[in-house]
Amino acid sequence: MQSSLVPERPLVISPTLAATIGLEEAVMLHVLTELMAHRTLLPRDGLRWVELTQQELSDALPFWALIDIRRVQKSLLDLGLILLDAKAAEQDDGCLYAINQRQEQASDTAPIPPAPAPVAQAPRAGASYIPSNWQPGEEWLRQCRQQNIPEAFVRDLVPGFVMYWRERGQARFSWGNAFYKYVLREWRSEQSRRGMAELDSEMSAHWWPSQDALTILENAGISAGFIEDAVPEFVLYWRERGVSSGAWNTRFIEHVRRQWARYSASIHHDTQPRRIPDDWQPSPECFEILRLAEIDEGFARGKVSEFVLYWRDTNQVHASWNTRFLQFIKYQWARRLLDAPDMSISHAENQSFIGKGQQEPGAALRRFTDRSWAE
């Protein structure tokens, strides 16, 4: 008598069959057998075929989505327990199903054909099910360490990985390779979560840069004392602006690098205006410039005391006393040329004045008083 299945009909699953081929596969095999028992069969090639549509399968297996039905169906096909023939079906979305067991071998009292043990144990050549006590090999742990993944992180993923694949009941050629890919994916997700956690971190009065940030700055040649002194200023700056979240370590590295560059430049090129010291002397570069201008060095050195006395009496501050001294010497040297237009100067002075080109006093005066370079 032909009848249809109803959702309330109980499913009787063989424990031995479920342990052999997997729980999901055993459920589908039982449902297919029940459907075949209540439908018209099509004998062919020694097998009993039944035509089922996708909707009929979904109605018979309401606890699975269509994608899960196809997944378990493919697993039964790979195990060699069922056969499909979509071309022979009359409907477009229908398919002919058959239990892969000849009619002469089938028992009238056994609604579910037993699965051959060798097929279930080895669904594919070289593939195997994951055991409950599976652990990754040393070569896979070594590859994880090469990716800078902590071993504790890897070990924590093992139980969930084993449970997931045992519940799916699928066989694989290499569980180590599957686990390695799974660890890489989870580690990237963990790194992303850590980055987001840093972005969401609060700036507090007790904030301190991470050890990684300190190491990066120290490797850049920045002294540890300078880094520590920069922390209070950095914390105060962002707390006063009311910014509660951000990539603080990255911002701190950028801040310290900028401050260190300014500090290093200020050591070599001080731009702070100051009074001239009592013992001030021009730098060697200053005398080199005067020599290039063919100004006698002895004349310039003789004017240092007068220069220092003048600026100390005026009590003015300047950022560069060398520049002031150059201007002062050039002015004094030009006045000296004006005071001696007849060229009646001593040989010692004349060798600086005439120079190599035997130039006229007027031309020399214009050259010394030229200020076009300062425009």
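The values are calculated or read from the model by the stated rules, or taken from the named source; none is laboratory data. Not measured: the values here are computed from a predicted model. Please note: Cβ atoms are built from the backbone with ideal geometry, for glycine as well, and neighbour counts cover all protein chains shown.
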Kindly establish whether Arg312 is part of a helix (DSSP H, G or I) and over 25 Å from Leu337 (Cα atoms).
-> yes
Test: Val158 is assigned to a helix (DSSP H, G or I), modelled with pLDDT under 85 and surrounded by 11 or more Cβ atoms within 10 Å (Cβ to Cβ) | no
Sort out which residues of the range 38-63 are in contact (Cβ under 8 Å) with a residue 24 or more places away in the chain and part of a loop (DSSP other than H, G, I, E, B), and write them in order of number.
-> His38, Arg39, Thr40, Gly46, Leu61, Pro62
Yes or no: Ala213 part of a loop (DSSP other than H, G, I, E, B) and at pLDDT below 90?
-> no
Report whether or not Glu306 is modelled with pLDDT under 80 and part of a helix (DSSP H, G or I).
-> no
